[in-house]
Structures are given as C-alpha cells and as structure tokens.
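Each value in this text was obtained by applying a stated rule to the coordinates, not by laboratory testing. As the structure is a computational prediction, the values presented were derived from the model and not from experiment. Don't worry about glycine lacking a Cβ; one is built from the backbone with ideal geometry, like all the others, and counts go over all protein chains shown.
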Amino acid sequence: MFRPKIPTMPQPTGLITPPAAIEPTAVIQHQPTTAPVVLAPTTASARPTVQLTPGTVVALVGGGTAVVLVVGAVLVSMLLTVAVTGASVAVCALVIRSLISTEAKRH
C-alpha cells in the first residue's frame, strides 16, 4: 500500500524510421554581367535617429524615478527584515541565557 509505483518507460509503437541524412549543398555565386551602378554617397546614417520631445523626456525621467524608488523600497525592506531578525535572535539568546543562569543558581 505504501510502496511507490515506479512507472515503466513506454516502448515505441509502429514503424521507426531512421533519421534522414542531411547532404551539404554548394553555394554558387554568379558574377554580374553589367557594370555596377555607382550611387552617390549618402550622408544620412542607416540607423534611424531618436528624437526626444519634452513629453518623452518627462516619461523617461518619471520611469527612471519609479524604478529607483521601487528598488530602494525593496532594498530597505530587506535590510529592515535582517535587522528585525537579528534583534529577535538577540532577545531569544538573552532569555535563554537568563533561564540557564537562574537554573544554575538554584542548584
């Protein structure tokens, strides 16, 4: 009744096909038949530029402030937890020491 039942591994059913062999393919590059077209050099970069408007600056500052406040609250609560735990352990140690010393004085 209290013995654990160990499941057995299911056996595959049906036809089992071996994995297909993958053959390497050759990459052939064709040479252009016409002369390449030379474009004028562009001065714009390929990356899109990010434009900061006053609204996005306020949103970024507000978001950063919120992140800092949340992380700070978490860290302060962890520090407070450690302090309360340490204080309670110290009080328990004092009570136990007091009980042991009064018991030793009675005998």
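Full extension of the chain between ILE28 and LEU60 gives 6.5 nm of extra length, using 0.36 nm per residue less the Cα-Cα distance.
For a Förster distance of 25 Å, can you work out the FRET efficiency between the beta-carbons of LEU69 and VAL89, rounded to the nearest 0.05?
0.25
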